Amino acid sequence: MAEKTFDYIIVGAGSAGCVLANRLTASGEHSVLLLEAGGSDRNLLVQMPTALSYPMASKTYNWGYNSQPEPAVDNRQITCPRGKGLGGTSTINGMVYVRGHACDFDEWEEHGAADWSYADCLPYFKRSETWQGGEDAYRGGEGPLGVTGGNNMTGNPLYQAFIDAGVEAGYPRTHDYNGLCQEGFGPMHMTVRGGVRESTSRAFLRPVMKRPNLTIISKVLVDKVLFEGTCATGVIARRGRNGQGTTYRAKKEVILAAGSIASPMILQRSGIGPGAVLNKAGVEPVHQLQGVGQNLQDHTEIYFQFHCKQPVSLNSKLGLFSKFLIGARWFFFKSGLGATNHFESCAFIRSEAGRKSPDIQFHFLPAAMRYDGTAAIDGHGFQVHVGPNKPKSRGHVAIASSDPADEPNIFFNYLQHEDDVAAWRRCIRLTREIIAQPAMDAYRGDEIQPGLDVASDDEIDDWVRANLESAYHPCGTCRMGPEDDPGAVVDTQCRVFGIEGLRVVDASVFPTVPNGNINAPTIMVAERVADMILERPQLPQSDVPTWIAENWENSQRESTPLR
């Protein structure tokens, strides 16, 4: 096997890997190898925000994993899309930019991830971002990642009607859910800049591809990490299932940034993980870590759909001729309906009294359609993608064999905790209450799904089991924690316990899933750990107010800002 040597090897050019490649090569002092299993992300349908269903459905850009049959959702196998190519899942996702609530990161500390509070994380959210409104106490103004409001709700009256309905239902109005106040109804933000998808490849990697100390090799699959004793020294990667393996050596560190499914798989193939998993797959143990592949969490959602009484929805734009006109305008001007993901208003609410922070998220879409971009009805409609965001059920990821081309065993274990079932009942009923407000009277037609015949606890439970889908936010499978925690895989600097020179830096290190989409916190983690790898001082903690419910033990909807 031919050998090549670098200071750092990064496995995976996704949401975290592109950030790490940028930051670790910035000084010019360190040589970095970035390995990616997929190829380029420059396809026009990848770059056009409205065409988001194309890369999601393409085997070129999506690994296309499926779970094992899930007992609590009628034994269905749930799809688990993961990005393949430069930019990783940021190349196929819905481009929604949500950091999470401040309490989510304080929760990480409570679970043993010391010094990962909101005050520690906020400076790195800011450093990564250029927000369309400019820098303030919460938002960044000079970072690589462009974040906007798409068309800023100018193209459809339904966006504002949804926000107004939430306020009429008694919830707060929030100007910036990524700022002081997440809770409430307001505009939604997206990783779109200049009308183009702002993947981490476009934001962090393309501007630095010509750095002489950065080597990028795509279309190679990492087989495993190599060790001398318990020190990581490099990786073996190959092209194709039967391709010849190439050894790459790391003088300083190997960094796994392959995501919450692939990173634990690589660890397990390398001999790091639960003994039972390694033995079953025929892998010789190097270091047994029980937490590798455990603690799998995910958000789930359903599409709450209604007919629209006025001809204002996007359902009239789903024909081939309309799509051609939208695509032509986007191609020449990067504007119009092609320049947005269409999720331009949203909400975050608490599902019940006694919750300190929101646990339900709404993505509002002014169309009744399927995720593949086809109409769900004849005529006009709208829908809300909604789901509880703080599940208590936990699953796992495990390799089936030592072959890197074999599919993993993914088991989400959805709805196995009774609190998750109860959360869905509240979610369905609260959504109906919101859409029933006067602000929606001019638009709200009949409920398409779940349908008014789905009303009792048992009826709701049955419907959710049959219709629940993943929101595509798997995380937690190599979680951070203290060394004496048997379920922790990495320390608070993302170094793998018991192994020198090996880190995991991606969404798999999250102790708990945040209240929102996970792309933004994954980027933040990579920004922060890059400083740790380079032994630079951490950015100073932020000292800004956060919005937490006053008297939250008794109040569901009244909220006031507290420091």
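The values are calculated or read from the model by the stated rules, or taken from the named source; none is laboratory data. Predicted, not measured: the structure shown is a model, and the values here were computed from it. All Cβ positions, even for glycine, are placed from backbone atoms using ideal geometry, and neighbour counts span all protein chains on display. All accessible areas refer to the heavy atoms of the entire protein, side chains included, with ligands and DNA or RNA removed. Shrake-Rupley method; radii C 1.70, N 1.55, O 1.52, S 1.80 Å.
General observations
- Applying D = kT/(6 pi eta Rh) to the chain, where Rh is the Kirkwood radius over alpha-carbon pairs, T corresponds to 25 °C and eta to 0.890 mPa s, the Stokes-Einstein value obtained is 103 µm²/s.
- Accessible area in square angstrom per residue, the range 1-149, 1.4 angstrom probe: 33 Å²
- Net charge in the neighbourhood of residue 36 (other residues with Cβ under 9 Å of its Cβ; Lys, Arg +1, Asp, Glu -1) is +2.
- The length gained by stretching the chain between residue 252 and residue 279 to full extension, at 0.36 nm per residue less their Cα-Cα distance, is 6.7 nm.
- Full-extension gain in nm, residue 329 to residue 3, via 0.36 nm per residue minus C-alpha separation: 112.5 nm
- Residue 421 accessible area, 1.4 Å probe, all protein chains in place, Å² to nearest 10: 40 Å²
- Gain upon complete extension [residue 318, residue 136; 0.36 nm per residue less C-alpha separation]: 61.7 nm
- Where GluC sites (Glu not before Pro) fall in DSSP loop in the range 80-156, at most 15 other Cβ within 10 Å: 135, 142
- Helical segments meeting 20 Å axial Cα length and Kyte-Doolittle -1.0 threshold in the chain (DSSP H): 418-435, 519-533
- 10 Å beta-carbon shell around residue 191, net charge (K/R +1, D/E -1): +1
- Relative contact order (%) - criterion: Cα under 8 Å, at least six apart; region: the range 246-306: 24 percent
- Contact order relative to length of the range 280-401, as percent, for alpha carbon pairs under 8 angstrom and 6 or more apart: 40 percent
- Counting only lysines at least 8 places from residue 392 when in the same chain, those with an alpha carbon closer than 27 Å to its own are 356.
- Other residues within the sphere of radius under 13 Å centred on the Cβ of residue 485, judged by their own Cβ, net out at -3 (K and R +1, D and E -1).
- Solvent-free Debye scattering, log10 I(q)/I(0), computed from the Cα coordinates of the range 158-216 at q = 0.14 Å⁻¹: -0.59
- Where only DSSP H runs of four or more residues are counted, the chain gives -6500 deg cm²/dmol as its mean residue ellipticity at 222 nm, each run worth -39500 (n - 2.57).
- Here's the list of lysines a cross-link from residue 84 could span, going by alpha-carbon distance under 20 Å and ignoring same-chain residues fewer than 8 apart: 59, 219, 224.
- 1.4 Å probe accessible area per residue over the range 356-419, in Å²: 35 Å²
- Coil-residue trypsin sites (Lys or Arg not before Pro) of the range 53-94, DSSP, other Cβ within 10 Å capped at 11: 59
- Annotation for the range 51-115 versus the range 135-181: alpha-carbon center distance of 22 Å.
- Of the GluC sites (Glu not before Pro) found in the range 3-55, those that fall in a DSSP loop while having at most 14 other beta-carbon atoms within 10 Å are 29.
- The percentage of C-alpha pairs in the range 1-66 whose separation is greater than 18 Å is 52%.
- For the range 148-287, the carbon plus sulfur part of the accessible surface works out to 49%, probe radius 1.4 Å.
- For the chain: relative contact order, % (alpha-carbon pairs under 8 angstrom, 6 or more apart): 22 percent
- Under the convention that each Lys and Arg Cβ holds +1 and each Asp and Glu Cβ holds -1, the size of the dipole of the chain around its Cα centre is about 2400 debye.
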